[in-house]
Amino acid sequence: MRPGLRAGRRPSDLQHLRLLPAVPLPGRAGISIRARIPAALDLRIIWRRFLPLLFAHSGRRRARRFLPGNFRVGIHLQPALSKRFLALLDWSCAEHRLPGGFQILEFFHGPLFRGGRAKFLPLGISFFTFEFIHYAVDRYEGKTEAGSAAEYLSFILYFPTMVAGPIKRYQDFLPKVRNPSKDTLENWRIGCTRILTGLAKKFCVADVMTAFTNHLNKADILTAQRWVLPLWLLAYGMKIYFDFSGYSDIAIGSARLFGIRVPENFDWPYFQVNIAEFWRHWHISLTRWLIDYVFIPLGGSRVANSRIWANLMVTMLVSGVWHGAGLNFVVWGAWHGALLVVHRIWIQLRGPAPPDRGFIRLAASWAGTFLWVNLGWAFFSMDLSTALLFFRRLVGG
Amino acid sequence: MMLQLLEKIKSILEYLGGVSEDLPLESLRWMRGPLWWGTWWAVLILSIVAFSGQSSKFIYIDF
Amino acid sequence: MTRRTVLIASALSVLILVAANLLVGRAASNSVPRQRMRTIDSAGPVIDVLGIGNSLMATGFDPDTVERTFRASGRPIIALNAGLGATNPLEHLILARHALRQHSVKQLIYGFFDQQLSDDVPLKNSDLIGNHAMLYYAEPQLAVRYAQFSWMDLVAFQTYRCCAMFQERGNIWAKVEKMRRAMASVGMPRQATNQFGRPEDFDLLEFVSPEEFSKRCRDVMRAGTFLSPPIQGLFQEANAKGVKITVVEMPMHPWHVKTFYDLPAWEEFRRLNRQAVERSGAAYLDASHWIPEETKFQDHIHLGPSGAAQFSRMLAERLIQAAPSGVTARR
């Protein structure tokens, strides 16, 4: 265990409650939320550890010894949770570097809170938690400077990317904040175009696809003609791409209005010819995060084959759980983990694809990748039993 | 040739969407001008307005 | 990009949007509310029987059958149906005023169902799509008076009035919604539709349960507000012009009658409702049980063509009986 990590941990009592206005979050939480009631975001800051780091630029020597960014986020869930439970949650977030405290809560929310107590989650928490973790780890490893408090806060609270990414890197962001682009007119041209494109993707394509994807439920799957089921799944694949990439366009365009370039998040993922390339082009900032903070710490590719495969699987399972707290998301993560493992084995057995392979081979690779990715969306879009029903109906009639 | 065509289409779409700032083909330099951008923005805005209705509002649809 | 090119691009965008706005305004000149108002405009100087209400009247009141029945009794009349689907009493008031301003109306038939006479019309600007959009251009001052807009909605309302594209956004969205519904129907069993949309959607206009229905009745009885302000306004306008008003409880689907209209709360509500209507100088006619055959309805609340013909004939007969000298004697 690295020095300093354990030193940063404290048994919690609820200090430093900060009240932030709640933002309705129906999608991820999956439960109706009373609007306008403030949520309590409990920022557990280890003052003696953290504050000096915020002011590290002032050159306090003591600060440098301390653990950077042992920064815990807890959530106050109505009066229902005990302090002890929150302490456990707090510990797990800090020690295991998982944003999964919230995912864990969501998993167990049903049994814990049957009866419909409202739950409040800050909007975008999955995303900015990852940015917290990135900052903490990279600061500890000396990969990034501290920056001032204002620079740190502008990184964390940067509104264009706060809700749903792209997940930024502090070392990329800092120079841009210090020196934003001064070509205002060009920034506004690009920014406005990007925002309008994102909105158009969302409204004109993604929302129209809901005409098909709304049918992805048990009743309609049983009633529909079989041939339309693949169309619905394909529509879901289109919908999620245009929705999320449209959102990313809006975020990137909004940032560009201020002269700040944030990383791209999608790069024609459905045009890729293998699953590894797909993940390098789909939700790019998340893939990078998972590689840097899950896959590589687990050993990455520098271990035995069986370990590599396990690492891939674990990484994709983390991705699955991050996307949603349900068994279907776990299965979706495992699906992609398995695809990556199979791809790895294929490459090892057959060698990498030659650059001059023919069009037919390329098309076949593309078709295979496209097919397997879209089949996986069944687990993403429906709960497990519905997804299994979907496949039973699709295959067996 | 098919791949080259796809690449060209991709570049043009990226330019239209504001992802890329470089014009993919010199023959399309009219896309740099204000007439093009003004038209393109208007098309995007009109599309957004046309498609931004919520289907939950529609019980009657005879209008 | 230089400042000059940005200005030119922006100006061109605005120009195109203005042109699109004009086109939308042009296309909207044939919207359903405008058609209805033109129908009223093109009627003769005297309208003997004018039907006003929402889609129940639009589908249920057959002016040809009413005229035929009167003619058969030796009293030719002119009947007109100004009922308009997806509207509320505020729009009915505006249509009635439109007719009363231009014509000599002898009898006004106002059709309603459930607690519609009592339903208040607090509106948001976002509600003003479809036929409600007529509030933007047809006597908008009435919308300001009756719609109970919040200040933000009021600002939005006044802003939207200046732009045809905003006013008629519902019409544009309806076309996209139709496209979505066509897509959704691919590979699925065919869903029934009628002139207004999907019949199953009109279940949404009914109460979820008899308990909820009774509660609504009791709430109105407790508050004593049987006639909403637009309804009162409509009655006042008609009374001031000497128009005879008959408020008709429209024929309802047997399921609806059995589920809701047999409830004790409804009986009591109906009694008090009738008294409130009669106090306002109008006659009350309970036609809710006139059409017991399910097949004569196209969904839970709207009459089909044969049901409309039967209802209209029975209504005309009642009107003839009620006024032996004629609803009016045509000169």
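Between C:Leu108, C:Leu80, C:Leu100, which is in contact (Cβ under 8 Å) with a residue 60 or more places away in the chain, assigned to a strand (DSSP E or B) and farther than 30 Å from C:Glu212 by Cβ?
Details: C:Leu80 fails: in contact (Cβ under 8 Å) with a residue 60 or more places away in the chain; C:Leu100 fails: assigned to a strand (DSSP E or B).
After applying the criteria, what remains is C:Leu108.
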Taking region C:277-308 and keeping only residues that are in contact (Cβ under 8 Å) with a residue 60 or more places away in the chain, assigned to a helix (DSSP H, G or I) and in contact with a Leu (Cβ under 9 Å, 6 or more places away or on another chain), one is left with C:Val277
Has region C:105-125 got at least one residue that is of a type outside the set (Lys, Arg), open to solvent by 20 Å² or more (accessible area, probe 1.4 Å) and more than 27 Å from C:Arg218 (Cβ to Cβ)?
no
Any residue at all in region A:270-288 that's under 22 Å from A:Gly124 (Cα atoms), within 14 Å of chain C (Cβ to nearest Cβ), in contact with a helix residue (DSSP H, G or I) (Cβ under 7 Å, 6 or more places away or on another chain) and buried (at least 22 other Cβ atoms within 10 Å of the Cβ)?
no
Cβ pairs under 6 Å, 6+ apart or interchain, first in region A:237-263 and under 13 Å from A:Ile284 (Cβ atoms), second of a type in the set (D, E, K, R), ordered by first then second residue, are A:Ile252/A:Arg194; A:Val262/A:Lys168
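Whether any residue in region C:146-153 is within 13 Å of chain B (Cβ to nearest Cβ), under 19 Å from the mean Cα position of the chain (by Cα) and at pLDDT 90 or above is what I want to check. Quick ask: steps written out before the conclusion?
Taking region C:146-153 and keeping what is within 13 Å of chain B (Cβ to nearest Cβ), we get none.
No, every residue in region C:146-153 fails to be within 13 Å of chain B (Cβ to nearest Cβ), under 19 Å from the mean Cα position of the chain (by Cα) and at pLDDT 90 or above.
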Picked from region A:155-201 (must be open to solvent by less than 40 Å² (accessible area, probe 1.4 Å) and among the polar types (S, T, N, Q)), the residue nearest to A:Val137 (Cα to Cα) is A:Thr161
Expected single match for free of Cβ contacts under 8 Å to residues at least 24 places away in the same chain and either small (Gly, Ala, Ser) or in contact with a Phe, Trp or Tyr (Cβ under 7 Å, 6 or more places away or on another chain) (or both) among C:Ala147, C:Ala164, C:Ala184 is C:Ala184
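Is at least one residue of region A:215-236 closer than 30 Å to A:Asp292 by Cβ and open to solvent by 30 Å² or more (accessible area, probe 1.4 Å)?
yes
Can you give me the ranges of the helices (runs of 4 or more DSSP H) entirely in region A:145-211 with at least 1 residues that are under 12 Å from A:Gly246 (Cα atoms) and in contact with an Asp or Glu (Cβ under 9 Å, 6 or more places away or on another chain)?
Working: elements: A:149-156, A:159-162, A:170-178, A:184-200.
Once the helices (runs of 4 or more DSSP H) in region A:145-211 are filtered for at least 1 residues that are under 12 Å from A:Gly246 (Cα atoms) and in contact with an Asp or Glu (Cβ under 9 Å, 6 or more places away or on another chain), what remains is A:184-200.
From the list C:Met134, C:Met165, C:Met152, pick out the single residue that is open to solvent by 70 Å² or more (accessible area, probe 1.4 Å) and in a helix (DSSP H, G or I). Spell out how you get there, then give the answer.
Details: C:Met134 fails: open to solvent by 70 Å² or more (accessible area, probe 1.4 Å); C:Met165 fails: open to solvent by 70 Å² or more (accessible area, probe 1.4 Å).
One residue alone meets the criteria, C:Met152.
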Looking only at region C:1-55, which residues are within 14 Å of another protein chain (Cβ to nearest Cβ) and among the basic types (Lys, Arg)?
C:Arg3, C:Arg4, C:Arg34, C:Arg36
Output the residues belonging to region C:147-172 that are more than 13 Å from C:Gly130 (Cα to Cα) and among the charged types (D, E, K, R).
C:Asp153, C:Arg161
I need every pair where a residue in region C:204-223 that is free of Cβ contacts under 8 Å to residues at least 12 places away in the same chain and away from chain B (no Cβ under 14 Å) has its Cβ under 9 Å from the Cβ of a residue that is surrounded by fewer than 18 Cβ atoms within 10 Å (Cβ to Cβ) and of a type in the set (Ser, Thr, Tyr), sequence separation at least 6 or different chains.
C:Ser209/C:Thr259
If you take the residues in region A:345-363 that are open to solvent by 100 Å² or more (accessible area, probe 1.4 Å) and assigned to a helix (DSSP H, G or I), which one is farthest from the other protein chains (Cβ to nearest Cβ)?
A:Leu349
Considering only region A:181-223, how many residues are aliphatic (A, V, I, L, M), touching a residue at least 60 places away in the same chain (Cβ under 8 Å) and either on the phi > 0 side of the Ramachandran plot or facing another protein chain (nearest Cβ under 7 Å) (or both)?
1
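The values are calculated or read from the model by the stated rules, or taken from the named source; none is laboratory data. Just so you know, these numbers come straight off a predicted model, no measurement behind them. Quick reminder, even Gly has a Cβ in these numbers, built from the backbone with ideal geometry, and neighbours come from all protein chains shown. In case anyone asks, the SASA skips ligands and DNA or RNA and just uses the protein heavy atoms, side chains included. Shrake-Rupley method; radii C 1.70, N 1.55, O 1.52, S 1.80 Å.
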